[in-house]
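The values are calculated or read from the model by the stated rules, or taken from the named source; none is laboratory data. If you're wondering where the values come from, they're calculated on a predicted model, not measured in any experiment. As a convention, Cβ positions derive from the backbone with ideal geometry for all residues, glycine included, and neighbour counts pool all protein chains shown. Ligands, DNA and RNA are stripped out before the accessible areas are found, and what is left, the full protein with its side chains, is counted by its heavy atoms. Shrake-Rupley method; radii C 1.70, N 1.55, O 1.52, S 1.80 Å.
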Amino acid sequence: MVTRRVRVAVNGYGVIGKRVADAVALQDDMELVGVADVVSDYRIRVAVERGYPVFASAGDKQSEMEAAGVPVAGSLEDLLGRVDVVVDCTPKKVGAENRERYRTAGVKSIWQGGEKHEVAGYSFVAQVNYAGAVGRDSARVVSCNTTALCRITHALHQRGWVMRVRAVLLRRATDPWESHRNGMINTAIPETTVPSHQGPDAQTVIPDLDITTLAGAGPYNLSHLHYAMVETSRPVDLEELRAALRGAPRIAFVRADEGLVALNSVMELMRDLGRPRGDMWEVAVWEDALAADQREVYLTFQVHNEAIVVPETVDCIRALSGIEPDGAASMARTDAALGVATRFFGEAGGPAGTAARGFRQAGFKGSEEPTDARRGAGEADRG
């Protein structure tokens with residue numbers, strides 16, 4: 001077992017990489033030795049401002065970075081020679097091309113969900129299969145949506161409740177930082193492959209999970225929205241469902257009757273809570289949208305694509321390095337360092353009476369919706 005701090009490199013200082021670097025820097029059993037990239041614009045300058053040593057991922061980019069005033073400490077190979085674990089956060093397909101570089105350097109390696117399962121042969125979600133990653137040479141932290149699906153379904157699956165899962169994903173069109181490049185306006189694009197890749201990807205983590213996923217992308221960049229319908233092995237009532245989700249790590253309830261009625265309001269809450277970059281590491285489940293009948297349970301939840309895999313990546317570093325063989329202990333340590341929560345507020349319920357009804361009415365009501373007797377006729381007729 002490793003007794004000193006694990007020395008970590010992050011290759012790729014983009015949406016995920018910069019967050020992983022910050023998270024590693026917060027861990028008292030890890031040392032961020034440096035970050036590597038090929039860019040010389042404002043993105044890598046943030047790393048310089050944070051005091052992270054910067055290395056050039058590609059040799060032909062080093063002079064370009066230095067000419068732009070970026071202090072370059074050396075090449076990626078120089079960085080790999082100083083670390084125990086490298087976290088690859090480069091764009092998809094680039095990561096797979098780096099595999100031989102990591103093997104040659106003799107360092108353990110972690111990839112993100114943009115790469116295929118085969119790049120490492122082991123797909124990782126901390127609460128599901130941490131033990132199997134301990135001491136491995138490499139692992140792949142699955143994508144944001146797959147991570148969320150695994151967290152949610154595992155909470156039910158481990159109780160023997162899951163017969164079949166069907167999930168619909170409404171994905172963000174683009175990440176906020178690059179919305180100017182390929183944003184989507186006034187449309188939604190269905191994915192024509194059924195199942196979408198997230199279902200089979202979840203099965204690389206939970207092999208006996210019967211799951212089918214459908215997906216589409218919409219004109220927003222504030223995270224993803226999931227609807228899951230879970231056929232259960234026996235009737236599961238709402239209180240049992242709540243208890244299962246409350247007892248699972250990195251899942252937190254939000255409530256529409258507290259004004260958290262949409263993706264934007266949940267993300268605004270993260271900003272108001274002072275989260276770095278407004279990040280939400282948890283899966284946010286709408287508690288007041290949970291439903292159950294004699295055959296299925298129904299869930300609606302939000303996934304922050306920029307942040308959810310960050311705590312998983314930190315845990316994966318511990319697993320590969322062997323510094324912490326117990327998954328629960330690693331998760332507790334990671335969550336404490338980052339501020340991951342299982343609830344965003346105290347146990348008190350949502351607003352009562354008129355205020356709560358007002359928040360509920362903010363839920364989408366199209367003109368085709370039947371009139372609600374509890375609302376005024378004029379209000380119900382609005383499109």
Here the stretch 94-181 gives, from Cα atoms, an Rg and Dmax in Å of 15.9, 46
Could you please tell me the mean projected area of the C-alpha convex hull for the stretch 222-284, averaged over all directions and given in square nanometres to one decimal?
5.2
Hydrodynamic radius of the chain per Kirkwood, over alpha carbon pairs, in Å
22.0
Per-residue [θ]222 nm for the chain (sum of -39500 (n - 2.57) over DSSP H runs n ≥ 4, rounded to 500):
-9500 deg cm²/dmol
Number of Lys pairs in the chain closer than 18 Å at Cα, excluding neighbours under 8 places apart unless interchain, is 4
Could you tell me what fraction of 2.2 N^0.38 Å the Cα radius of gyration of the stretch 203-243 comes to, as a two-decimal ratio?
1.59
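Work out the length of the dipole vector of the stretch 1-98 about its Cα centre, built from +1 on the beta-carbon of each Lys and Arg and -1 on the beta-carbon of each Asp and Glu, and round it to the nearest 20 debye.
My answer is approximately 240 debye.
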Taking N as the number of residues in the stretch 61-138, what value does Rg over Cα atoms divided by 2.2 N^0.38 Å take?
1.27
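Which order do the peptides 50-61, 308-319 come out in when sorted by mean C-beta neighbours inside 10 angstrom, highest first?
Top of the packing list down: 308-319, 50-61.
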Ordering of 240-248, 121-129 by packing [mean C-beta count within 10 Å, highest first]
121-129, 240-248
Summarise the accessible area of the chain (1.4 Å probe, protein heavy atoms) by the percent that is carbon and sulfur.
51
So for the chain, taking the charge dipole from beta-carbon charges (+1 Lys/Arg, -1 Asp/Glu), which of V85, L260, T334 sits furthest toward the positive end?
V85
Residues whose modelled amide H sits under 5 Å from the amide H of A291, counting only those 5 or more places away in sequence or on another chain, are Y298
The chain - accessible surface per residue (Å², probe 1.4 Å):
44
